[in-house]
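Quick notes on the structure that follows.
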């Protein structure tokens, strides 16, 4: 496994922190530099946790976020390199293993850059300052008379310069500058940040087959395992027959895993594991198992009946999560009353690389290799499963073949560790595509009820919205029924200028594992709100863009009832409707809204949404053929994500979001019958193929000097409502449920 470079435990010990670690997105100041004290090692400048400069000038920068195509493993080291004034061609990247010294390492929630941008600048700036001080001491001049050029410290008065490698040993002996003494670059001096030529660091290895993903990970002497999980959440094994399985060449034995009690958290589902010399034997042996399962409290779960229960709940008053004015009094005054119900099904992640992990339990400790979005969650989950200390779990992070939130849940790593403890040797657990889809942490199903009153001028005088869904918190608290933590995901922060508004949340029980998926509850919340806004526009006989801008209203800062960390974030990232209005105007302009004639069966739709602190508006053009099939000639997205590190990667994320959004809008749906998931592979859970993907995607990035915001997820929420609004424009048929494939358009 030497192909993947990981930061050693020795470096963790050597690189201490000056202050305490605040986890969950905290910013902290590390003790950045130390001298390498291994006798055989070349003189090096090694900022403890984050950066090292070798005598040959090679700069090694630590990436503490996972790479799954999101670009985090490139963007954060790029910020360090910019402030260091390093030559990017002389940079290599080490992947950090899970460790509290790095603070939060979870590559989720589109926060990798925004939560580490300032810290990475300080890391690079500190290294640069120390290199300058080392050169100035050697030349016997003032550091203020020195500057840097690409990978060199320069004294212009005497036309002298020294390479970073030449200065590494001397710089390592100097004190680390205090943060408030650092002179970081101005925006105009940035060499890499915000520039176009920043391809993913790992791209060459990815396209040439050299990149190491989780499926490539191996350990000496390992065996392979494939696990037959309970078809219904919570089922236990009554009995099983493995005689036929043991007859398969290569199959060694079978083992059982206990069914976890609620709350299931990230622990394994349980089942029967087939242990073999190779995956093929393990898969074949598993198919030969005969298992008798008991019943579960979720065995009566059926999607159609459950949907009706959610919709019935949405018709009743719920928990108020935001209230402005007096909605009930406004409705009593009359006006044109519009009501609508929206529905979104469970969704699976279906990332290209199914869950996989290899782990070894030895002497009370675990070493694991996994394509994980959160190595610290691996430590927690494995430690809990085996009853050992978290610090006795080492998680090496490989590249991820996609993630979308699924790979922050490390149940398969715990499976490998549990089996390794039983077998006394390393175990590689490999999930099939069927496992991936049938035993996911699903994006939640949701039913939403909307009601508005329109005044004589066509503007809403009252707006009521209710959302009902089994919450993600049911994964961690079995009795959770309200989505308290998901209300801020596009529901209790409606940006519309309406005098009377109330948002509510109704209770719902879970029957499958619920987890976050790319943009989380923003998907169904934006779908309902932005679709309903378009319905109101048509009821008021107004242009959709004009009406949407009217709903957003004048430029202002929306005051939200934020507390704790959210309040601090709100100060740094105020909800500015001017930025939302701007992306709407840009997307409309780029699409030619109102300026071109569309043929029969074609239409444009627009939607706008703020999520992960980023403002996005999307226009989708659809063409509905005479068979009712929807094609997407064009997509235009405008995004204001504040300060952008890599524009090319931002465009990649929003282009990918359009393809991802096409899947969930047109095809994707997870259902259950008697508690078991009906779908199992891409024949029953289709995703976007090339012939159905948008033909052209145009992404416009708004120039901004605001702090960096999220880019991995914000492109998804406005896509489905924009597409559905376009379908209405093309056909006159209003559709209120996802996916569109369930509805006949002609």
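The values are calculated or read from the model by the stated rules, or taken from the named source; none is laboratory data. The structure presented is a predicted model; accordingly, all values stated were derived computationally and were not measured. Cβ sites come from the backbone with ideal geometry, for glycine too, and all protein chains shown count toward neighbours.
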### Out of 116, 110, 158, 144, sole residue that is within 30 Å of residue 643 (Cα to Cα) and loosely packed, with under 15 Cβ neighbours inside 10 Å
144
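Picking from 631, 609, which residue would you name as being surrounded by 22 or more Cβ atoms within 10 Å (Cβ to Cβ), part of a strand (DSSP E or B) and in the same structural domain as residue 736 (by TED's automatic domain parsing)?
Numbers: 631 fails: surrounded by 22 or more Cβ atoms within 10 Å (Cβ to Cβ).
Every option except 609 fails the conditions.
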### Message
If residue 239 meets every condition in (1) surrounded by fewer than 18 Cβ atoms within 10 Å (Cβ to Cβ); (2) assigned to a helix (DSSP H, G or I) apart from one, which number is that one?
### Response
(2)
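Listed here are the residues, each with its yes/no results for (1) assigned to a loop (DSSP other than H, G, I, E, B); (2) crowded, with 24+ Cβ neighbours inside 10 Å; (3) modelled with pLDDT of 95 or more; (4) touching a strand residue (DSSP E or B) at 6+ places or on another chain (Cβ under 6 Å).
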| site | (1), (2), (3), (4) |
| --- | --- |
| 67 | yes, yes, yes, yes |
| 70 | yes, yes, no, no |
| 77 | no, yes, yes, yes |
| 82 | no, yes, yes, no |
| 89 | no, no, yes, no |
| 92 | no, no, yes, yes |
#### Entry: Test result for residue 340, outside any helix (DSSP H, G or I), over 26 Å from the mean Cα position of the chain (by Cα) and in contact (Cβ under 8 Å) with a residue 12 or more places away in the chain
yes
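Among residues belonging to the stretch 252-268 that are touching a helix residue (DSSP H, G or I) at 6+ places or on another chain (Cβ under 7 Å) and touching a residue at least 40 places away in the same chain (Cβ under 8 Å), point out the one that is farthest from residue 383 (Cα to Cα). Can you show your working first?
First pass over the stretch 252-268, keeping only residues touching a helix residue (DSSP H, G or I) at 6+ places or on another chain (Cβ under 7 Å): 254-255, 257, 263-268.
Add one more test, that the residue is touching a residue at least 40 places away in the same chain (Cβ under 8 Å), and what stays is 255, 257, 263-268.
Values: 255: 20, 257: 16, 263: 17, 264: 15, 265: 13, 266: 12, 267: 11, 268: 13 Å.
Among residues in the stretch 252-268 that are touching a helix residue (DSSP H, G or I) at 6+ places or on another chain (Cβ under 7 Å) and touching a residue at least 40 places away in the same chain (Cβ under 8 Å), the one farthest from residue 383 (Cα to Cα) is 255.
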## Note on the structure
Being at pLDDT below 95, in contact with a strand residue (DSSP E or B) (Cβ under 8 Å, 6 or more places away or on another chain) and buried (at least 22 other Cβ atoms within 10 Å of the Cβ) narrows 103, 124, 48 down to just 48
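This table checks each residue for (1) free of Cβ contacts under 8 Å to residues at least 12 places away in the same chain; (2) out of contact with any strand residue (DSSP E or B) (no Cβ under 8 Å at 6 or more places or on another chain); (3) assigned to a helix (DSSP H, G or I).
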site: 649; (1), (2), (3): no, yes, yes
site: 653; (1), (2), (3): no, yes, yes
site: 658; (1), (2), (3): no, no, yes
site: 662; (1), (2), (3): no, no, yes
site: 686; (1), (2), (3): no, yes, no
site: 691; (1), (2), (3): yes, yes, yes
site: 707; (1), (2), (3): no, yes, no
site: 710; (1), (2), (3): no, no, no
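Give the residue that is surrounded by the most Cβ atoms within 10 Å (Cβ to Cβ), with candidates limited to residues of the stretch 203-217 that are part of a loop (DSSP other than H, G, I, E, B) and touching a strand residue (DSSP E or B) at 6+ places or on another chain (Cβ under 7 Å). Explain how you work it out, then say what you get.
First, pick out the residues of the stretch 203-217 that are part of a loop (DSSP other than H, G, I, E, B): 208-212, 217.
So of that shortlist, the ones also touching a strand residue (DSSP E or B) at 6+ places or on another chain (Cβ under 7 Å) come out as 211-212, 217.
Details: 211: 18, 212: 19, 217: 22.
Checking each candidate, the answer is 217.
Have a look at 537, 526, 521 and point out the one that is buried (at least 22 other Cβ atoms within 10 Å of the Cβ), farther than 30 Å from residue 232 by Cα and modelled with pLDDT of 95 or more.
Numbers: 537 fails: buried (at least 22 other Cβ atoms within 10 Å of the Cβ); 521 fails: farther than 30 Å from residue 232 by Cα.
Exactly one of 537, 526, 521 is buried (at least 22 other Cβ atoms within 10 Å of the Cβ), farther than 30 Å from residue 232 by Cα and modelled with pLDDT of 95 or more, namely 526.
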### Task
Quick one: count up the residues across the stretch 583-597 that are at negative phi, surrounded by fewer than 17 Cβ atoms within 10 Å (Cβ to Cβ) and in contact (Cβ under 8 Å) with a residue 24 or more places away in the chain.
1
## Note on the structure
Filter the stretch 540-582 for residues that are touching a strand residue (DSSP E or B) at 6+ places or on another chain (Cβ under 7 Å) and farther than 17 Å from residue 615 by Cα; the one that is surrounded by the fewest Cβ atoms within 10 Å (Cβ to Cβ) is 540
### Query
Before we move on, is residue 24 in contact with a helix residue (DSSP H, G or I) (Cβ under 6 Å, 6 or more places away or on another chain) and modelled with pLDDT under 95?
no
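Among the candidates 480, 533, 503, 462, single out the residue that is in contact with a helix residue (DSSP H, G or I) (Cβ under 9 Å, 6 or more places away or on another chain) and part of a strand (DSSP E or B).
Values: 480 fails: part of a strand (DSSP E or B); 533 fails: part of a strand (DSSP E or B); 503 fails: in contact with a helix residue (DSSP H, G or I) (Cβ under 9 Å, 6 or more places away or on another chain).
Selected residue: 462, the only one of 480, 533, 503, 462 that is in contact with a helix residue (DSSP H, G or I) (Cβ under 9 Å, 6 or more places away or on another chain) and part of a strand (DSSP E or B).
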### Query
Can you tell me which of 663, 668, 704 is closer than 27 Å to residue 570 by Cβ and out of contact with any helix residue (DSSP H, G or I) (no Cβ under 6 Å at 6 or more places or on another chain)?
704
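A quick yes/no check of all residues on (1) free of Cβ contacts under 8 Å to residues at least 40 places away in the same chain; (2) more than 24 Å from the chain's Cα centre (by Cα):
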{"position": "349", "(1), (2)": "no, no"}
{"position": "375", "(1), (2)": "no, no"}
{"position": "382", "(1), (2)": "yes, no"}
{"position": "385", "(1), (2)": "no, yes"}
{"position": "399", "(1), (2)": "no, no"}
{"position": "414", "(1), (2)": "no, no"}
{"position": "430", "(1), (2)": "no, no"}
{"position": "449", "(1), (2)": "no, yes"}
{"position": "460", "(1), (2)": "no, yes"}
### Task
Would you list the strands (runs of 3 or more DSSP E) that sit entirely within the stretch 99-192 and hold 2 or more residues that are closer than 13 Å to residue 81 by Cα and not assigned by TED's automatic domain parsing to the domain that holds residue 642?
147-149
### Message
Quick check on the stretch 229-237. Is at least one of its residues farther than 24 Å from residue 419 by Cα and touching a helix residue (DSSP H, G or I) at 6+ places or on another chain (Cβ under 9 Å)?
### Response
no
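Only one of these is within 28 Å of residue 524 (Cβ to Cβ), touching a helix residue (DSSP H, G or I) at 6+ places or on another chain (Cβ under 8 Å) and either assigned by TED's automatic domain parsing to the domain that holds residue 419 or assigned to a strand (DSSP E or B) (or both): 377, 383. Name it. If you could, list the steps in order and put the result at the bottom.
Working: 383 fails: within 28 Å of residue 524 (Cβ to Cβ).
Testing whether each residue is within 28 Å of residue 524 (Cβ to Cβ), touching a helix residue (DSSP H, G or I) at 6+ places or on another chain (Cβ under 8 Å) and either assigned by TED's automatic domain parsing to the domain that holds residue 419 or assigned to a strand (DSSP E or B) (or both) leaves just 377.
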### Message
Residue under question is residue 457, and the condition is that it be surrounded by fewer than 24 Cβ atoms within 10 Å (Cβ to Cβ), over 23 Å from residue 252 (Cβ atoms) and not assigned by TED's automatic domain parsing to the domain that holds residue 713; does it hold?
### Response
no
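Yes/no matrix, rows are residues, columns are (1) touching a strand residue (DSSP E or B) at 6+ places or on another chain (Cβ under 7 Å); (2) assigned by TED's automatic domain parsing to the domain that holds residue 459; (3) under 23 Å from residue 724 (Cβ atoms):
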| residue | (1), (2), (3) |
| --- | --- |
| 292 | yes, no, no |
| 310 | yes, yes, yes |
| 314 | yes, yes, yes |
| 329 | no, yes, no |
